[in-house]
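The block underneath contains the structure these notes are about, expressed in structure tokens.
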Amino acid sequence: MNRSPIPPAQVCPLCGNDDGVVVNAIANPNSWTYVCNTTGLRHTDPYQWQVIFEDTPALERSGITQELGLYDDLPHCLTLGEPWVEYGIVEYRFKGAFPRVYLDELIPRYSHRSITSKPYTLSAFVASALAQLRSEGTVVHKTGPATGYWAYNGEISYWALPPPPALENTMTWVQFSEVHNLDPENWKI
């Protein structure tokens with residue numbers, strides 16, 4: 001088997017979260033060990049599981065994510081050589097660059113936490129698309145502290161184009177907001 005050096009994205013089987021899921025270790029050439037660090041109602045301690053692949057998983061680009069162009073558009077919300085950027089920066093850039101998709105397609109379909117609280121929102125949808133791109137090796141990912149409006153998450157995803165920046169080289173939502181004269185505590189649709 002020729003396994004990709006990028007581990008396939010996984011959703012925690014207990015809590016359904018993908019933002020807090022990281023690869024903990026490589027157990028053997030046919031498997032990945034994952035850890036979900038998001039604790040809450042479904043699990044109070046980090047949860048670990050192993051996934052064994054017989055073959056490299058097929059990359060599937062289909063459904064509404066493909067139809068709306070997110071797989072092609074999201075990498076343009078990152079700049080080669082920039083630091084790791086907190087998830088909110090990616091969503092903000094996507095909203096600005098693709099307002100028709102963001103406002104006319106995704107908001108009516110998934111809503112947003114800034115509008116109403118529900119389990120699966122536009123942000124979860126966009127994060128899932130980023131996770132697919134990570135599986136393909138198009139973007140790289142790490143987790144870090146959630147800041148400003150996104151602080152309710154505790155930890156959140158940070159994104160970059162490969163090759164990965166140094167781990168300490170990050171731009172938070174609060175830092176980005178200050179540079180762009182935005183209120184870091186509020187999200188405007």
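The values are calculated or read from the model by the stated rules, or taken from the named source; none is laboratory data. Since the structure is predicted, the reported quantities are computational estimates derived from the model, not experimental observations. When we count neighbours, we look across all protein chains shown, and the Cβ atoms used for this are built from the backbone with ideal geometry, even at glycine.
Close Cβ contacts (under 6 Å, 6 or more residues apart or on different chains) running from residues in the stretch 36-51 that are free of Cβ contacts under 8 Å to residues at least 12 places away in the same chain to residues that are not in a loop (DSSP other than H, G, I, E, B) comprise P46/V35.
Looking at this structure, is A146 under 20 Å from T38 (Cβ atoms), surrounded by fewer than 20 Cβ atoms within 10 Å (Cβ to Cβ) and aliphatic (A, V, I, L, M)? Criteria not met by A146.
Taking into account only those residues within the stretch 40-55 that are within 20 Å of A131 (Cα to Cα) and in a loop (DSSP other than H, G, I, E, B), which is modelled with the highest pLDDT? So that I can check it myself, show each step before the final result.
Initial filter on the stretch 40-55 (within 20 Å of A131 (Cα to Cα)): 46-53, 55.
Retained after the next criterion (residues that are in a loop (DSSP other than H, G, I, E, B)): 46, 53, 55.
Values: P46: 84, F53: 63, D55: 52.
Ranking the candidates gives P46 first.
Being among the small types (G, A, S) and within 15 Å of the chain's Cα centre (by Cα) is the filter here; which residues of the stretch 152-171 pass it? Matches in the stretch 152-171: G154, S157, A160. Being of a type outside the set (K, R), under 17 Å from S177 (Cβ atoms) and in contact with a Lys or Arg (Cβ under 9 Å, 6 or more places away or on another chain), is that true of even one residue in the stretch 117-133? Yes, the conditions are met somewhere in the stretch 117-133. In the stretch 173-186 there is no residue matching the filter, namely being among the aromatic types (F, W, Y), assigned to a loop (DSSP other than H, G, I, E, B), within 29 Å of V23 (Cβ to Cβ) and more than 12 Å from the chain's Cα centre (by Cα). Residues in the stretch 116-142 that are of a type in the set (V, I, T) and at pLDDT below 95: T116, T121, T138, V139, V140.
Assess whether T138 counts as being part of a loop (DSSP other than H, G, I, E, B) and either buried (at least 17 other Cβ atoms within 10 Å of the Cβ) or touching a strand residue (DSSP E or B) at 6+ places or on another chain (Cβ under 7 Å) (or both). Outline the logic, then answer.
Numbers: part of a loop (DSSP other than H, G, I, E, B): yes; either buried (at least 17 other Cβ atoms within 10 Å of the Cβ) or touching a strand residue (DSSP E or B) at 6+ places or on another chain (Cβ under 7 Å) (or both): yes.
Criteria met by T138.
Restricting the stretch 57-92 to residues that are modelled with pLDDT under 95 and of a type in the set (V, I, T) leaves a set whose member that is farthest from the chain's Cα centre (by Cα) is I64. Collect the residues in the stretch 126-156 that are within 17 Å of P75 (Cα to Cα) and among the acidic types (D, E), keeping them in residue-number order. Scanning the stretch 126-156 gives a single hit, E136.
In the stretch 96-125, which residue that is among the charged types (D, E, K, R) and touching a residue at least 24 places away in the same chain (Cβ under 8 Å) is nearest to D73 (Cα to Cα)? Spell out how you get there, then give the answer.
Of the stretch 96-125, the ones among the charged types (D, E, K, R) are 100, 104-105, 109, 113, 118.
The next check asks that each one be touching a residue at least 24 places away in the same chain (Cβ under 8 Å); those that pass are 105, 109, 113.
Values: E105: 15, R109: 19, R113: 22 Å.
Checking each candidate, the answer is E105.
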